[in-house]
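Novice: Can you read through this structure? Questions will come right after.
The values are calculated or read from the model by the stated rules, or taken from the named source; none is laboratory data. Because the structure is predicted, anything quoted here is derived from the model rather than measured. Counting neighbours? That spans all protein chains shown, and the Cβs are built from the backbone with ideal geometry, glycine included.
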């Protein structure tokens, strides 16, 4: 008994230490850096300033924010459109386990490697163009790589599992009797989907959307590799400030801004949970 | 048991001490490839000095030497444009005694440029070693006319152009516009104005770009596949492609290729200063410099070394650089602190533009 409590204490201490040292501290450093001035040699100069936050609202950077939100929203919409039917299928299929494994398998490979695989598909002498040329559908190879379309494809492809899994969890829990009751009361398929299925699975939709939307803002290698670095998104901006421009304070300010935004979205998620499922949200466990 | 451990430790200690006492050593802080084994062996035979290289890059070199205030290494190899501001601020190097350097084996213009660019309080801090340039790789069959940086903004090559969104591109574009950005280095206001013009040019030319490359191999792949005809890049890549496809080659731009030079500098608290000068003179001796160039394909500041290189390697240089091209090279001057911030903002604007 005594041993176990010792073990418990040790584990809790270790985890707390881990969180403090590797999560809280670095984040605090980022917040601190965002209020300091840039220094050529030491990265930051210990002089307080709000300039970095002012710069976030510079029209140039604001355009990047807007474009990033556009891309992230489009990614989320496409992932939802592709993910919802698939998750429904998954929840009802006899081959559920196999299909789930198929959804998860891509995680076994680094997403960077998978992005390179997409390059292999899309490039001028890539698989898609070779097929199109061989079948005579096109005469000249299409410009697929280094386009906005390629970026969108890459984002949706990379993030789709994050949409499917929460949707699956929500749809699987859906009581089939609810839909049957709808049909019994004379509702059409669409009416049941709209008035019964969607509202009940809304927490899954919101969770999936957040899990897709937020990383879509931050993934920098997809626009770099598939878009030819021509369309800059928020993640690229931050990476660029730290690695290329060496303007750590501004990079930190953008990171803090993004974090706050994510916080806001999560708050929205809980608010929606509370609204649509008051019992659940009322008793946190 | 404990006895054995102690004995082992003592043995190791004795061996380590003996090892350092046996021969003179030279701690070299350098780039990967800059100290080939063959030359280290030859140097040891000639002088009895064992060279111990540590491989790194500019930023780490500066960081390491700053941390120790210039101790721990006998010789370092930072790029020439990264020396003077660091030296002025932190004093991590000692002045070069050019009397101990065999100037007759060094290309004079390069030595003078490096002396000038590393001048701090009337003393110079570096000797040139390896150089290369930012120039163009051109598919001559597809883009026969491309010969200058301005062709990266030539509508004729729409959708077939590639460059990096990095400071060399801003500077190259300015040269392509007939301006001399280096002349404005010490006038931040004028430099800012020029960079804004450059930025606008690049924004206007954005629709011509196939890809802003970041990875050298990916660029070569795009050129191989015929997606890109004109690119701004380093000579090694162009020569590699020329081997595979004679239509593609490195071209020194008309307005002058932009040259970087990696140097030799002696850290402030170097222990083996005499050995450092020996290695400098040894590496710049033409026959040794030729060995280096054959392996790494980079040319050196060693006068005439290129004549001693393998014909294939030599052919690359002679094909891409005439003497006039070499004379026209714009060597990067030391970067004043303020400029990188200006450039960063311009680059962000270009990236953010549609």
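Novice: Please work out if residue A:107 is within 14 Å of chain B (Cβ to nearest Cβ) and within 17 Å of residue A:216 (Cα to Cα).
Specialist: Spelling it out, it is not the case that residue A:107 is within 14 Å of chain B (Cβ to nearest Cβ) and within 17 Å of residue A:216 (Cα to Cα).
Novice: Right, another one. Given (1) touching a residue at least 40 places away in the same chain (Cβ under 8 Å); (2) within 11 Å of chain B (Cβ to nearest Cβ), where does residue A:211 come up short, assuming only one miss?
Specialist: (2)
Novice: Moving on. Checking residue B:271 against (1) away from chain A (no Cβ under 14 Å); (2) more than 22 Å from residue B:111 (Cα to Cα); (3) not in a loop (DSSP other than H, G, I, E, B), which single condition isn't satisfied?
Specialist: The single condition residue B:271 does not satisfy is (3).
Novice: Would you mind telling me which numbered condition in (1) assigned to a helix (DSSP H, G or I); (2) more than 14 Å from chain A (Cβ to nearest Cβ) residue B:202 fails?
Specialist: (2)
Novice: Would you check which residues across segment B:227-241 are under 20 Å from residue B:131 (Cβ atoms) and buried (at least 21 other Cβ atoms within 10 Å of the Cβ) and list them?
Specialist: B:232, B:233, B:235, B:238, B:239
Novice: Okay, moving on. Could you pull out the residue among B:9, B:29, B:17 that is at pLDDT below 55 and either farther than 24 Å from residue B:58 by Cβ or touching a helix residue (DSSP H, G or I) at 6+ places or on another chain (Cβ under 8 Å) (or both)?
Specialist: It is B:17.
Novice: State all residues of segment A:222-237 that are over 16 Å from the mean Cα position of the chain (by Cα) and either assigned to a helix (DSSP H, G or I) or modelled with pLDDT of 90 or more (or both); if no residue qualifies, say none. Even if it seems obvious, please write down each step before you answer.
Specialist: Initial filter on segment A:222-237 (over 16 Å from the mean Cα position of the chain (by Cα)): A:224-232, A:237.
Matches in segment A:222-237: A:224, A:225, A:226, A:237.
Novice: In segment B:90-104, what residues are crowded, with 18+ Cβ neighbours inside 10 Å, in contact with a helix residue (DSSP H, G or I) (Cβ under 7 Å, 6 or more places away or on another chain) and more than 14 Å from chain A (Cβ to nearest Cβ)?
Specialist: B:93
Novice: With touching a helix residue (DSSP H, G or I) at 6+ places or on another chain (Cβ under 9 Å) and within 13 Å of another protein chain (Cβ to nearest Cβ) as the only criterion, which of A:170, A:150 stands out?
Specialist: A:150
Novice: Mind telling me which of the residues B:231, B:225, B:218, B:172 ends up being farther than 19 Å from residue B:352 by Cα, within 14 Å of chain A (Cβ to nearest Cβ) and touching a residue at least 12 places away in the same chain (Cβ under 8 Å)?
Specialist: B:231 is the lone residue from the list that is farther than 19 Å from residue B:352 by Cα, within 14 Å of chain A (Cβ to nearest Cβ) and touching a residue at least 12 places away in the same chain (Cβ under 8 Å).
Novice: Answer with yes or no whether residue A:115 is within 14 Å of chain B (Cβ to nearest Cβ), surrounded by 14 or more Cβ atoms within 10 Å (Cβ to Cβ) and either at pLDDT 95 or above or within 30 Å of residue A:88 (Cα to Cα) (or both).
Specialist: Judged against the criteria, residue A:115 is a match.
Novice: Also: Would you check which residues across segment B:303-354 are at pLDDT 85 or above, within 14 Å of another protein chain (Cβ to nearest Cβ) and not in a helix (DSSP H, G or I) and list them?
Specialist: Answer for segment B:303-354, where residues must be at pLDDT 85 or above, within 14 Å of another protein chain (Cβ to nearest Cβ) and not in a helix (DSSP H, G or I): just B:334.
Novice: Next question, about the same structure. Can you spot a residue in segment B:126-139 that is within 14 Å of chain A (Cβ to nearest Cβ), surrounded by fewer than 23 Cβ atoms within 10 Å (Cβ to Cβ) and touching a strand residue (DSSP E or B) at 6+ places or on another chain (Cβ under 8 Å)?
Specialist: Restricting attention to segment B:126-139, the residues satisfying the condition of being within 14 Å of chain A (Cβ to nearest Cβ) are B:139.
So of that shortlist, the ones also surrounded by fewer than 23 Cβ atoms within 10 Å (Cβ to Cβ) come out as B:139.
With the extra rule that they be touching a strand residue (DSSP E or B) at 6+ places or on another chain (Cβ under 8 Å), the set shrinks to B:139.
Yes, that holds for at least one residue.
Novice: Quick one: would you say residue A:45 is surrounded by 13 or more Cβ atoms within 10 Å (Cβ to Cβ), within 13 Å of chain B (Cβ to nearest Cβ) and farther than 27 Å from residue B:353 by Cα?
Specialist: yes
Novice: What helices (runs of 4 or more DSSP H), lying completely within segment A:117-207, carry at least 2 residues that are touching a residue at least 12 places away in the same chain (Cβ under 8 Å)?
Specialist: A:127-134, A:148-173, A:176-184
Novice: While we're looking at this one, here's another question. For residue B:295, which of the numbered conditions (1) within 14 Å of chain A (Cβ to nearest Cβ); (2) out of contact with any helix residue (DSSP H, G or I) (no Cβ under 6 Å at 6 or more places or on another chain); (3) in contact (Cβ under 8 Å) with a residue 40 or more places away in the chain fails to hold?
Specialist: The single condition residue B:295 does not satisfy is (1).
Novice: While we're looking at this one, here's another question. Somewhere in segment A:246-263, is a residue surrounded by fewer than 22 Cβ atoms within 10 Å (Cβ to Cβ), within 11 Å of chain B (Cβ to nearest Cβ) and in a loop (DSSP other than H, G, I, E, B)?
Specialist: Taking every residue of segment A:246-263 in turn, at least one turns out to be surrounded by fewer than 22 Cβ atoms within 10 Å (Cβ to Cβ), within 11 Å of chain B (Cβ to nearest Cβ) and in a loop (DSSP other than H, G, I, E, B).
Novice: Still on this model: Which one is surrounded by the most Cβ atoms within 10 Å (Cβ to Cβ), of the residues in segment B:285-302 that are in a loop (DSSP other than H, G, I, E, B) and at pLDDT 90 or above?
Specialist: Across segment B:285-302, the extreme among qualifying residues is B:301.
Novice: Quickly run through segment B:177-205 and pick out the residues that are touching a strand residue (DSSP E or B) at 6+ places or on another chain (Cβ under 9 Å) and surrounded by fewer than 16 Cβ atoms within 10 Å (Cβ to Cβ).
Specialist: B:180
Novice: Do you know which residues across segment B:315-350 are surrounded by 17 or more Cβ atoms within 10 Å (Cβ to Cβ) and within 18 Å of residue B:135 (Cα to Cα)?
Specialist: Passing the criteria: B:316, B:317, B:320, B:321, B:325, B:326, B:329, B:330, B:331, B:332, B:333.
Novice: If you don't mind, there's one more thing I want to ask. Considering only residues that are away from every other protein chain (no Cβ under 12 Å) and over 19 Å from residue B:215 (Cα atoms), look in segment A:214-241 and name the one that is surrounded by the most Cβ atoms within 10 Å (Cβ to Cβ).
Specialist: Checking each candidate, the answer is A:216.
Novice: Any chance segment B:42-52 includes a residue that's surrounded by 14 or more Cβ atoms within 10 Å (Cβ to Cβ), assigned by TED's automatic domain parsing to the domain that holds residue B:274 and part of a loop (DSSP other than H, G, I, E, B)?
Specialist: no
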